[in-house]
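Enquirer: Handing you a structure now.
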Amino acid sequence: MPSLAGLFFWMNRKIENINKITITKPLKLDCGKTVKNFPLAYETYGKLNENKDNAILVFHALTGDQFVTGTNPVTNKDGWWVTAVGPGKAIDTDKYFVICANVIGGCMGSLGPKDTNPENNQPYGLDFPVITIKDMVKAQESLLEHLGIKKLLCATGGSMGGMQLLQFCATFPDKAFSAIPIACSSSHSAQNIALNELARQAIMADPVWDNGKYVSKNVQPKNGLAVARMVGHISYLSEKGMQEKFGRKLQEKADYEFSFNADFQVESYLRHQGYAFVERFDANSILYITRAMDYFDLSKQFKGGLVEAFKNQNTKFLVISFSSDWLYTTKENKDIVIALNASGADVSYSEIVTDKGHDSFLLNEPEFLKTLKGFIDSMYEKFKNEKRI
Amino acid sequence: MKKEFRVIADLLPNNSRVLDVGCGDGSLMNFLKEEKNIEVRGLELDQENVQKCINKGLPVIQGNAETELHQFPNQSFDYVVLSQTLQAFYEPEKVLKNLLRIGRAVIVSIPNFGYWKVRVKLLFFGEMPVTKTLPNTWYNTPNLHMCTIKDLFKFCDEKNINIKKVVGVNEDETSLIKKSNLEIKNLFSKLGIFLIG
């Protein structure tokens, strides 16, 4: 096992080789600061056709990245949405051109807190400006410009990806022919802010974190970050799903050890997930991205509330929620549907019945994937026809 | 029943905005879209049906009309269509009032419990009727509030709901139903289609 510093070096070297553009256009952030000449890392799958009408933009979730499918070259693991995206899959890369960018504030090649601050040639750390979902989305719009795509066939995303999508549709109402927000919310709930705060406090309580200055020492507050990840993992499952998967099963032992080692399988699972995560994610990025999620409140941005946010939408929406998701509940997703309805938008909605919780959108949920495929394929036919006329 | 679709389509003007409550697999929505270029929306409870609509590119919201009609704003549709489901609600009156709130007019079709074959079955055989329009047996029927064309006429009168037009459907024949021919049409129509509001 390489040392953590060595691992960082190795990861950074890999990150240098990934696709990115430099966005030269100054981006005025919601916090008031402006960034310019910053990198935005992205990945594409499939081919953009001649008419440029088969492009699908995917927005990633909190701990995701641009490597949607295939093998992630940095972690050597499957892309995070390999269940839904790929040749012959629901989002068929033999047919569609799929684009995904790493959000700004992230740590997979786009501008983030571990980058060097041009003002003092030190890693940003907490000097990195606080970013919002809207800032993330604006940066990604520049990528579409770079790729020469005037209108997307579809944009989609789950969780924070869905939040970015709602923001994208509200800010750029003519950029997507169709949109599929999945398991998300139009404003972060108190419960979700609380869980994010728990994750942040876990990181900040780790002495290695050192007010975010750990980056220049080539270390990572891995204990704090691992706990933050464990909090997340609990919230992605449902009570029933967790009970069925783990119950009270013991981890490779016949009886209790009468110690604080991971006796239970569920403990072992959380520790594994937590410590695997620190190898691929930056602790300060978690602080910044969770903050962006907490600040997200689409109705606050528009004076007339959520209905106003979706006014003049020509985009065709499909909202999807999962029955056992307690992080982004069916009710929150339905509120989006109600607002879209009230604004006269073209909206479909489906609630997938499952006990897999919030994680469902990343898993092999046949009903979900069928719905996704049915919608995208029918939208492609419509989009082609519309362009012909 | 294709004839029913035809009658409903004829009641609707071209290019209007229509909500189909209990839209099933989207057959009626598709028909209305193609025949009259109607801007359709559907509300459907069943997951499989919702998926069928989505595959056809028809906008559909998965939900229960009994409890979730509140999400549609007042007068947000030109017409609301309720095809053969009024009798399946716990509170048909409440649902109907909601439909009248959402649409400027409402089309309701009902399987007519006053149809002569239904009456014969009950009167002479002493059994709950099973027919083409009422295919379920008493123990598995979703129908909680069966009524006749005459009942719905009476209901609208009592509740001050304006009846604009009523069409009776029997096999391939359709006919206008008025107060003057109500008794006879109530006996010979399988289906009653009401335009109200």
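Per-residue answers, yes or no, for (1) over 27 Å from residue B:17 (Cα atoms); (2) at pLDDT below 90; (3) assigned to a loop (DSSP other than H, G, I, E, B):
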position: B:100; (1), (2), (3): no, no, no
position: B:108; (1), (2), (3): no, no, no
position: B:124; (1), (2), (3): yes, no, no
position: B:136; (1), (2), (3): yes, no, yes
position: B:153; (1), (2), (3): no, no, no
position: B:160; (1), (2), (3): no, no, yes
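Enquirer: Restricting the stretch B:69-81 to residues that are more than 8 Å from chain A (Cβ to nearest Cβ) and part of a helix (DSSP H, G or I), which is nearest to residue B:107 (Cα to Cα)?
Expert: B:69
Enquirer: Could you tell me how many of the residues in the stretch A:81-106 are part of a loop (DSSP other than H, G, I, E, B) and either surrounded by 24 or more Cβ atoms within 10 Å (Cβ to Cβ) or in contact with a strand residue (DSSP E or B) (Cβ under 6 Å, 6 or more places away or on another chain) (or both)?
Expert: Selection size over the stretch A:81-106: 9.
Enquirer: Is there any pair with a first residue in the stretch A:243-266 that is in contact (Cβ under 8 Å) with a residue 12 or more places away in the chain and a second that is of a type in the set (A, V, I, L, M) and part of a loop (DSSP other than H, G, I, E, B) whose Cβ atoms are under 7 Å apart and which are 6 or more apart or on different chains, and what are they?
Expert: Note: pairs meeting the criteria are A:251/A:262.
Enquirer: Does residue A:346 meet the test of being charged (D, E, K, R) and either away from chain B (no Cβ under 11 Å) or in contact with a Pro (Cβ under 8 Å, 6 or more places away or on another chain) (or both)?
Expert: Answer is yes for this residue.
Enquirer: Continuing with the same structure: Looking at the stretch A:299-336, which of its residues are more than 14 Å from every other protein chain (Cβ to nearest Cβ), over 19 Å from the mean Cα position of the chain (by Cα) and part of a loop (DSSP other than H, G, I, E, B)?
Expert: Within the stretch A:299-336, A:302, A:303, A:312, A:324 meet the criteria.
Enquirer: Kindly evaluate residue A:279 against the criterion of being within 20 Å of residue A:64 (Cα to Cα) and not hydrophobic (A, V, I, L, M, F, W, C).
Expert: Considered against the rule, which asks whether it is within 20 Å of residue A:64 (Cα to Cα) and not hydrophobic (A, V, I, L, M, F, W, C), residue A:279 comes out as yes.
Enquirer: Continuing with this model, one more query. Name every residue in the stretch A:247-260 that is assigned to a loop (DSSP other than H, G, I, E, B) and either touching a helix residue (DSSP H, G or I) at 6+ places or on another chain (Cβ under 6 Å) or under 22 Å from residue A:237 (Cβ atoms) (or both), in order of residue number.
Expert: A:247, A:248, A:249, A:251, A:252
Enquirer: Also: Within the stretch B:82-91, can one find any residue that is more than 8 Å from chain A (Cβ to nearest Cβ), of a type in the set (D, E, K, R) and closer than 16 Å to residue B:16 by Cβ?
Expert: Taking every residue of the stretch B:82-91 in turn, none turns out to be more than 8 Å from chain A (Cβ to nearest Cβ), of a type in the set (D, E, K, R) and closer than 16 Å to residue B:16 by Cβ.
Enquirer: Please determine, by comparing only the residues of the stretch B:139-188 that are among the β-branched types (Val, Ile, Thr) and in contact (Cβ under 8 Å) with a residue 60 or more places away in the chain, which one is surrounded by the most Cβ atoms within 10 Å (Cβ to Cβ).
Expert: Ranking the candidates gives B:167 first.
Yes/no matrix, rows are residues, columns are (1) basic (Lys, Arg); (2) in contact with a Leu (Cβ under 7 Å, 6 or more places away or on another chain):
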site	(1), (2)
A:229	yes, no
A:235	no, yes
A:239	no, no
A:242	no, no
A:252	no, no
A:255	no, no
A:258	no, no
A:261	no, no
A:267	no, no
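Enquirer: Any idea how many residues of the stretch B:1-54 are within 14 Å of chain A (Cβ to nearest Cβ), touching a Phe, Trp or Tyr at 6+ places or on another chain (Cβ under 7 Å) and in a helix (DSSP H, G or I)?
Expert: Residues that pass the stated criteria total 1.
Enquirer: Can you name the residue in the stretch A:205-218 that is touching a residue at least 40 places away in the same chain (Cβ under 8 Å) and surrounded by fewer than 17 Cβ atoms within 10 Å (Cβ to Cβ) and is also nearest to residue A:121 (Cα to Cα) among such residues?
Expert: Ranking the candidates gives A:216 first.
Enquirer: Follow-up. How many residues are of a type in the set (Val, Ile, Thr), free of Cβ contacts under 8 Å to residues at least 24 places away in the same chain and part of a strand (DSSP E or B) if we restrict to the stretch B:55-67?
Expert: Of the residues in that region, 1 qualify.
Enquirer: If you don't mind, there's one more thing I want to ask. In the list A:300, A:334, A:249, which residue meets the criterion of being among the basic types (Lys, Arg) and farther than 29 Å from residue A:156 by Cβ?
Expert: Every option except A:249 fails the conditions.
Enquirer: Something else: Count, please, the residues in the stretch A:361-371 that happen to be touching a residue at least 24 places away in the same chain (Cβ under 8 Å) and within 7 Å of another protein chain (Cβ to nearest Cβ).
Expert: Selection size over the stretch A:361-371: 2.
Enquirer: Within the stretch A:167-181, which residues are of a type outside the set (S, T, N, Q) and either over 13 Å from residue A:335 (Cα atoms) or part of a loop (DSSP other than H, G, I, E, B) (or both)?
Expert: A:168, A:169, A:170, A:172, A:173, A:174, A:175, A:176, A:177, A:179, A:180
Enquirer: While we're looking at this one, here's another question. Taking the stretch A:337-366 as the region of interest, how many residues are within 22 Å of the chain's Cα centre (by Cα), surrounded by 16 or more Cβ atoms within 10 Å (Cβ to Cβ) and not aliphatic (A, V, I, L, M)?
Expert: Here the count works out to 12.
Enquirer: Also, I was wondering about something else. Can you tell me which residues in the stretch A:43-79 are crowded, with 24+ Cβ neighbours inside 10 Å, touching a helix residue (DSSP H, G or I) at 6+ places or on another chain (Cβ under 8 Å) and either under 17 Å from residue A:107 (Cβ atoms) or among the acidic types (Asp, Glu) (or both)?
Expert: Within the stretch A:43-79, A:59, A:60, A:61, A:64 meet the criteria.
Enquirer: Out of (1) small (Gly, Ala, Ser); (2) within 14 Å of another protein chain (Cβ to nearest Cβ); (3) assigned to a helix (DSSP H, G or I); (4) within 20 Å of the chain's Cα centre (by Cα), the odd one out for residue A:374 is which?
Expert: Exception for residue A:374: condition (4).
The values are calculated or read from the model by the stated rules, or taken from the named source; none is laboratory data. This one's a predicted model, so the numbers in the text were calculated from it and none came from an experiment. Reconstructed Cβ throughout: ideal geometry from the backbone, glycine too, with neighbour counts over all protein chains shown.
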